[in-house]
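Here the structure is laid out as structure tokens; the discussion comes afterwards.
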Amino acid sequence: MSMPMPFAYASPEQVMKDRADYARRNIARGKPIVAIEYADGILLLAENPSSMLHKVSEIYDRIAFAGVGKYDEYERLRILGIRQADLKGYAYSREDVTARSLANLYSQVLGQVFTDSLKPFEVEILVAGIGDDGEGTELYQVTFDGVVTDQHGVAALGGQSEALRTFLTERYGAMPDLTAAIKLGVEALRSVATGDLGAQQLEAAVLDRNLPRRKFRRLADEEVGSALA
């Protein structure tokens, strides 16, 4: 005669803690990303040896997206953001699409998945937005559980993000130009990297307010290498 298995009870607090620990542990394995505000916009710099899978992308005219963690999950979020931005821009106006509204959308989606699903998304994302001359920039970091934080000047996510944030904050002074921002970002990533980190192992893009309507631009390896030289 088989014995019935005892019922295992876990409190809601323990369930949430286990989910959070699971997500943090897997996100920490991801290659990091840093964002640095510079004189003409925002630099997004990621350790990414792949030339096919992007961690940094354009969402809309003045808005960029960066993600670390499980690629298929943050790619789904990126596509969701593009569709939402296109719908809102078409229904109202392009100026109504903001980084804040997209960060709030991601917050709701990630928060609901974290609460209702057995497995949370193993992602951490950054939404960056830029205005014209005289207008401010926006940097919103959204964690796996939907918590949004407004970042200023610099941001870091992924593996060893706290060490990266400390490194950047201590060295970030007067608003740098793009070359100085690239140097600072690469120095930060190299401070936590396990191997050599050259231009070929990096993915770099900017939101540049000097560009016409679409502000997003990818930086070629030669441009990053020239800045480091």
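Where a number appears in this text, it was derived from the coordinates with a stated rule and is not lab data. Being a predicted model, the structure only gives us computed values, none of them experimental. Reconstructed Cβ throughout: ideal geometry from the backbone, glycine too, with neighbour counts over all protein chains shown.
Run the numbers for Glu95 and Thr149: contour at 0.36 nm per residue of separation, minus the present Cα-Cα distance, in nm.
Additional length available on full extension: 17.2 nm.
Considering just Cα atoms, how many Å³ per residue does the convex hull of region 98-174 enclose? Intermediate values should be presented prior to the final figure.
Working: hull volume 6.0 nm³, N = 77.
That works out to 78 Å³ per residue.
In nm, to one decimal, how far is the Glu13 label point from the Arg83 one, both placed 7 Å along Cα→Cβ?
It is 3.9 nm.
Given the alpha-carbon gyration tensor of the chain, what are the semi-axes of its equivalent ellipsoid in whole angstrom, ordered largest first, with each equal to the square root of 5 times an eigenvalue? Numbers along the way, then the final one.
Working: eigenvalues 219, 100, 43 Å².
Square roots of five times the eigenvalues give 33, 22, 15 Å.
I need the peptides 59-70, 18-29 ranked by packing, meaning the mean over residues of other C-beta atoms within 10 angstrom, with the highest value on top. It would help to have the intermediate numbers written out before the result.
Details: 59-70: 24.2, 18-29: 15.2.
For the peptides 59-70, 18-29, the packing ranking is 59-70, 18-29.
Hey, which of these cross-link pairs are over 26 Å Cα-Cα: Lys17/Lys70; Lys88/Lys119; Lys119/Lys215? Can you show the working numbers first?
On the way: Lys17/Lys70 20 Å; Lys88/Lys119 30 Å; Lys119/Lys215 36 Å.
Cα-Cα > 26 Å for Lys88/Lys119; Lys119/Lys215; rest within.
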